[in-house]
Amino acid sequence: FAPWADENAKPYIRFENVTKRFGDFTAVDNLSLDIYEREFFALLGASGCGKSTLLRMLGGFEQPSEGRILLDGQDLAGIPPYKRPVNMMFQSYALFPHMSVEANIAFGLKQDGMPKPQIAERVAQMLKLVKLEQFAKRKPHQLSGGQRQRVALARSLAKRPKVLLLDEPLGALDKKLREETQFELVDLQQDLGLTFIVVTHDQEEAMTMADRIAIMDKGQVLQVATPPEIYEAPASRFVADFVGSINMFEGDVARNGSEGVTLTDEAGTRLVSSHAPEDIDGHRAWLAIRPEKIRISSKRPEADNVLEGEVWDIAYLGDMTIYNVKLDDGRIVKASSVNSLRRLEDPLTWHDRAFVSFPADAGVVLVR
Ligand code: ATP
């Protein structure tokens, strides 16, 4: 499933140069974005970057100050929320506290004037979908956080929208339940064949659920790509830094031969990389490399890039261990290793001399 890679595929939702101002504050800044039918799409960014505002404009709760939003080729301007084939599930779930689970789910259908027998049938379907058949008569306060989340989901799916907008859908759940629910949401989205757009500030959540992720900052989209692309080939330092943890070496770059580049930092250390954009000769640039791509060892290894320092911090996280190595010039390099049996033989400990090394193809060179 990769309609975005097919140049003949038509986007289902299109944001076209959309700007949203609140007074003289620009919350969404000339943003363009295409989303495809049946895509699970995530808007990922820090608090205040404009992701909820973008969602609310698609839902019809805010109007763009400039630009257009198209759904299946139709301009949504002037179409009220309830007439859009879009439904929104809010962060707070916004359940009616005095109504039972089934009455909450039925609420929108009643408002639309759906006949009673049909409502009953639809509510039963929805309860089954989110596995809450036993809880139909309960009030929201008699449910756990995870169950409330599923009621909200059932309610927002009851009207059979083509697109479901989810604003921080799992924010109120604890870590374990959140992780389980992420997979449930993906299964549900695939079974129903709907387009889901989720807003989150949690990168793991976005990586777990989404087909593609848009990384947002200051009302703009910085990169749209699949989770592996975002992680392995970030387009900028902001994206590299926002998703996962990363080491950054700053320096001047020069081409070396047809393939790679050499980056020389302030201290005169030379690092080589085989992944670099075209035409970067003489640029200021950053070699970005993930901790798990860096090897740490007590003996000087044979490698394209080798740096020497002292083991400064060790964090044992169970599945992996993170080492902070302080180089002799004071910089800290973060290296991580998966804990297999091999780790037990690993003799490195605090204040040991250590070498960090990585091959030329392990990092990416970024110019912005
Ligand atoms: P969060 O994760 O905290 O919800 P967000 O990325 O979803 O953040 P938005 O809710 O889209 O951010 O808000 C973007 C910016 O626009 C914020 O600085 C916010 O204060 C501002 N903003 C949003 N709605 C309004 C409004 N109705 N009036 C004035 N400013 C607003």
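Taken together, the values in this text are just the output of simple stated rules run on the coordinates, not laboratory data. Here the structure is a predicted model, which is why all the values come from computation and not from measurement. Neighbour counts run over all protein chains shown; Cβ positions are idealised from the backbone, glycine included.
Compared with the alpha-carbon gap, the fully stretched path from ARG353 to ARG270 is longer by 27.8 nm at 0.36 nm per residue. Note on the chain: Cα-only Rg and Dmax are 24.8, 77 Å. When the pairs LYS110/LYS137; LYS51/LYS110; LYS176/LYS326; LYS83/LYS159; LYS51/LYS176 are compared against a 23 Å limit on Cα-Cα distance, LYS51/LYS110; LYS176/LYS326; LYS51/LYS176 fall above it. When only Cα pairs below 8 angstrom with a gap of at least 6 residues are kept, the chain shows a relative contact order of 15 percent. Just tell me the longest site-free run in the chain, where the sites are GluC sites (Glu not before Pro) in a DSSP loop having at most 15 other beta-carbon atoms within 10 Å. My reading of the result: 8-258 is the longest stretch. Of the trypsin sites (Lys or Arg not before Pro) found in the range 244-351, the ones in coil according to DSSP and having at most 14 other Cβ atoms within 10 Å of their Cβ are LYS299.
Specify the longest stretch of the chain that does not include any exposed loop site, a site being one of the chymotrypsin sites (Phe, Trp or Tyr not before Pro) with a non-H, G, I, E, B DSSP assignment and at most 12 other Cβ atoms within 10 Å. Walk me through the intermediate numbers first.
Values: sites that count: PHE1, TRP350.
Counting only loop sites that pass the neighbour cut-off, the longest clear stretch is 2-349.
Starting from the Cα of PHE238, move 7 Å in the Cα-to-Cβ direction to define the label point; list residues of the range 46-65 whose amide nitrogen is under 14 Å from there. Zone members listed by number: 46-51.
Helical runs assigned H by DSSP (4 residues or longer) give the chain a calculated mean residue ellipticity at 222 nm of -7000 deg cm²/dmol, each run adding -39500 (n - 2.57) before division by the residue total.
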